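The structure under discussion appears below in the form of structure tokens.
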Amino acid sequence: MSLRLVLLGPPGAGKGTLAAVLNKELGLGSVSTGELFRNEIRRRTTLGRQVTRYVSSGRLVPDELVVKVMARRLSRRRVGRGVVLDGFPRTVGQARGLDAFLKARATPLHAALYLDCPIALLISRLSGRRVCQRCGRNYHTRTMRPKRAGLCDACGGPLIMRKDDQAKTVAKRLEIDRAKAKPLLEFYRQRHVLYRLDGRGGIVQVFQRLRRLLNHEGWLKNSGR
Ligand code: AP5
């Protein structure tokens, strides 16, 4: 069975980190809108130029553009064991767009997983996050240190702070998230696919909680994991 999951949660909740573990442990592919936009900005493409002012200031890219980009990306993708959408959808408008896309392919969503985290933890995760300038891999100054200080374990690229992790931009992102999250969660609650997951603790702990949930729902059957 191909699993289709959406990972929701405020900035710093651990969506990207969990998506990477799901890939390694369960073989699920992932698409992150944030990563996709940052790549386009790095490569100075037309899309990159369109989204750069939103991403660097912590504002949301307009729904119409996000849905168009994601529909294109998902249509091209081989789903395999399953796919995790990280950071998409982020508004009810985007959720409706995803719904229409999946319905047209008769491939419903299994779950919208909301990672719950207290605000102090979000701030500590974001202020300590470092990313590889070359390949985008995530690290943390306290909880996920690279083997060699300042350098990516995977490609040796330099580790930097994301522009939108500056304190002022983080405050803006958290404020936007507070406004958008409630109606989005209600959208998925009404469709009976909303699950809340405690995002506190180490990544192994968070992953184990999620694995228990996936097992409980019978979604790991036949996956061989
Ligand atoms: P995006 O990159 O999606 O940012 P975000 O949602 O704000 O989420 P983050 O990437 O900041 O956090 P995360 O939850 O993935 O946490 P992570 O795993 O990295 O989007 C960036 C921008 O792009 C947006 O502001 C917007 O402009 C635009 N955009 C993107 N999607 C959009 C959309 N759908 N619509 C419109 N605009 C969109 O973890 C954070 C840190 O904590 C890391 O250092 C990690 O190592 C550490 N950590 C994580 N989990 C743990 C753990 N369990 N234990 C210890 N450390 C941990």
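The values are calculated or read from the model by the stated rules, or taken from the named source; none is laboratory data. Keep in mind the model is a prediction, meaning the values are calculated, not measured. Please note: Cβ atoms are built from the backbone with ideal geometry, for glycine as well, and neighbour counts cover all protein chains shown. Each accessible area value is taken on the protein alone, full model and side chains, heavy atoms only, with ligands, DNA and RNA left out. Shrake-Rupley method; radii C 1.70, N 1.55, O 1.52, S 1.80 Å.
Quick notes on this structure:
- The single condition among (1) touching a residue at least 40 places away in the same chain (Cβ under 8 Å); (2) more than 20 Å from Arg81 (Cα to Cα); (3) open to solvent by less than 30 Å² (accessible area, probe 1.4 Å); (4) assigned to a helix (DSSP H, G or I) that Glu35 does not satisfy is (3).
- Of residues in segment 17-37 being over 24 Å from Ser56 (Cβ atoms) and of a type outside the set (D, E, K, R), the one farthest from the ligand (Cβ to nearest atom): Gly27
- Residues (in a loop (DSSP other than H, G, I, E, B) and crowded, with 17+ Cβ neighbours inside 10 Å) located in segment 158-187: Arg162
- Checking each residue in segment 54-70 for being out of contact with any Leu (no Cβ under 9 Å at 6 or more places or on another chain), in a helix (DSSP H, G or I) and farther than 14 Å from Ile41 by Cβ picks out Asp63, Glu64, Lys68.
- Residue list for segment 65-117, restricted to those being on the phi > 0 side of the Ramachandran plot and open to solvent by 20 Å² or more (accessible area, probe 1.4 Å): Gly80, Ala106
- In segment 65-98, the residues that are β-branched (Val, Ile, Thr), under 23 Å from Arg178 (Cβ atoms) and in contact (Cβ under 8 Å) with a residue 60 or more places away in the chain: Thr91, Val92
- Pairs with Cβ under 8 Å, 6+ apart, first in segment 1-16 and within 8 Å of the ligand (Cβ to nearest atom), second in a loop (DSSP other than H, G, I, E, B) and open to solvent by 10 Å² or more (accessible area, probe 1.4 Å): Gly9/Cys117; Pro10/Cys117; Gly12/Cys117; Ala13/Cys117; Gly14/Cys117; Lys15/Gly9
- Selection status of Leu28, at pLDDT 95 or above and under 14 Å from the mean Cα position of the chain (by Cα): no
- Residue match in segment 158-171 (condition: without any contact (Cβ under 8 Å) to a residue 24 or more places away in the chain and among the charged types (D, E, K, R)): yes
- When the test is whether a residue is over 18 Å from the mean Cα position of the chain (by Cα), without any contact (Cβ under 8 Å) to a residue 24 or more places away in the chain, open to solvent by 70 Å² or more (accessible area, probe 1.4 Å) and over 29 Å from Arg43 (Cβ atoms), Ala120 passes it.
- Among the conditions (1) within 13 Å of Tyr114 (Cβ to Cβ); (2) open to solvent by 70 Å² or more (accessible area, probe 1.4 Å); (3) out of contact with any Lys or Arg (no Cβ under 8 Å at 6 or more places or on another chain), Arg191 misses just one, which is (1).
- Selection of segment 22-32 for residues being of a type in the set (Val, Ile, Thr) and open to solvent by 30 Å² or more (accessible area, probe 1.4 Å) yields an empty set.
- Summed over segment 38-64, residues that are without any contact (Cβ under 8 Å) to a residue 60 or more places away in the chain, within 11 Å of the ligand (Cβ to nearest atom) and open to solvent by less than 30 Å² (accessible area, probe 1.4 Å) total 3.
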